[in-house]
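One structure is given below, encoded as structure tokens.
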Amino acid sequence: MQIGIVIHNLQLMDSPQTVKDILTLLSRGNCINACLCGTLGKVAAIDAGLENLIDIEQFLKPSACIESLFGSNDMVCLLNHGRELQTGRTFGRIVVSHIQNPEEKPLIQIERPGCLDGELIPWNQAADPHAKKLSGLLNLKISPPPMPVNTIEISNQGRHVLRRISTFPGANIMVEGIVVGKATSSEVVLVSENGFLTSIEGGNIKEQGIEILHKHGERVPVDLSGAWVKTTASRKSPDVCKSPMEYKTEGITKTSPLKQSFLQEKIPEGVVKVILIDHCAEHSFEMMEGAGLAITVGDDTTELAGNIFSRFGIPILGITDGDCDELATAVSYAPCSLVLRLKPGKDDEFGRKLQQDIFSGEHTAFFEDVERLKLRIINLAENSLESISEY
């Protein structure tokens, strides 16, 4: 039997043995195709040495990844670890709601494995007999899918949109990868008017994030009803669930070998590929192929992207202004990296200037002398530059 496994959530990578155990158990008599969603999870998978078991080179959202695996597998499992059981269930329901044909193949969610409240959720009728087998194999109870809840309300001929999300106080609220606020309660309502996010009920809005989301002066509207919305904690908080599953990891069979490195792009001799990561750290893996330097704009973007690129020895030149939401679980930079600290509120403006003056409006460019490029950027920032940190 061919089993596709979509792994989501950074917390799972904090317990790599649990992930290995599950993959081992599911591979007994089966052929598995495991892929991982989420940029930080991919970094953690590399740190845990799981890249030989899990495909970390696809860039699909969980629902799209499931749909892709439907085509080549007999059954698909969504492996997740919500901060709490209810948030995990809510996540699963949202993912399934975005699948065009959720009945196409048996679909089972494996939620909070290794925890006392861990469970299996069969998301369609075809999954029921398989869930019974997995229950005994993984020692997890079977729970019925949560009832669908209308989390999106659209009125005034589509101009007024309310979107409800379940989260936890203190969580960062992200729309299309941009932090737009911080939750103050477990139930949050995002409100948009004519495509522009105007308020957050149950949370505090972050004006700078709103400006970035709507492309500053360009005032680009966003369809809140279909936008990518998620919440995340600041830094890594310890998880009370740490009881590993007691199984040995051996005999895992993949249908295809791990692809080669991300860094195989051929670059013309004598030049260096430089990429611009402007408030989009989630796309770092997609953009890094062949890069010799990354310019990162934004405090969190610099920490997140710098942490990712450090695994591949790619230095960064970070543009920050002290407005950090602490999204990165750890902060590290490759040797020869620089981080420029600008005056408060200046990094976004400077990032736009860099894109136009250095990258000619693009996000990739080639340079013969990277050190001269660094000096050029430092000189451009001189009027707003407060400090430079070298690594």
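Points worth noting:
- Taking the charge dipole of the chain about its Cα centre, with +1 at Lys and Arg Cβ atoms and -1 at Asp and Glu Cβ atoms, the residue from Q17, V188, H160 reaching farthest to the positive side is Q17.
- Accessible surface of D321 - all protein chains present, 1.4 Å probe, nearest 10 Å²: 10
- Value at 222 nm in deg cm²/dmol, rounded to 500, when DSSP H runs of n ≥ 4 in the chain each add -39,500 (n - 2.57): -7500 deg cm²/dmol
- The solvent-accessible area of E362, taken with every protein chain present and a 1.4 Å probe, is close to 110 Å².
- Annotation: amide H-H contacts under 5 Å for G203 (H modelled 1.01 Å from N, sequence separation of 5 or more, or interchain): T184.
- Sequence-distant residues sharing a close amide H with E84 (under 5 Å, placed H): none
- Answer label, with Rg/Rh (Cα atoms, Kirkwood Rh) calculated from the coordinates and candidates (1) 1.08; (2) 0.96; (3) 0.98: (3)
- Taking amide H positions as modeled 1.01 Å from N, with prolines and chain starts lacking one, the residues under 5 Å from S337 and 5 or more places away or on another chain are I316, Y391.
- In the context of the full set of protein chains, residues of region 5-93 present 31 Å² of accessible surface per residue (probe radius 1.4 Å, heavy atoms only).
- For the chain, the share of accessible area belonging to carbon and sulfur comes to 49 percent (1.4 Å probe, ligands and nucleic acids excluded).
- Lysine pairs in region 48-200 with Cα atoms under 24 Å, if 8 or more residues apart or on separate chains: 7
- Of the whole protein surface, M287 contributes about 40 Å² of accessible area at a 1.4 Å probe radius.
- Taking every DSSP bridge with both residues inside the chain, close to 55 percent are antiparallel.
- Around S337: net Lys/Arg minus Asp/Glu count, Cβ-Cβ under 12 Å: -1
- Helix 16-27 and the longest principal axis of the Cα set of the chain meet at an angle near 50°.
The values are calculated or read from the model by the stated rules, or taken from the named source; none is laboratory data. On a predicted model such as this, the values are computed, not experimentally measured, just so you know. Positions of Cβ are generated from backbone atoms using ideal geometry, with glycine treated the same way; all protein chains shown enter the neighbour counts. Areas reflect the complete protein model, heavy atoms only, side chains present, ligands, DNA and RNA absent. Shrake-Rupley method; radii C 1.70, N 1.55, O 1.52, S 1.80 Å.
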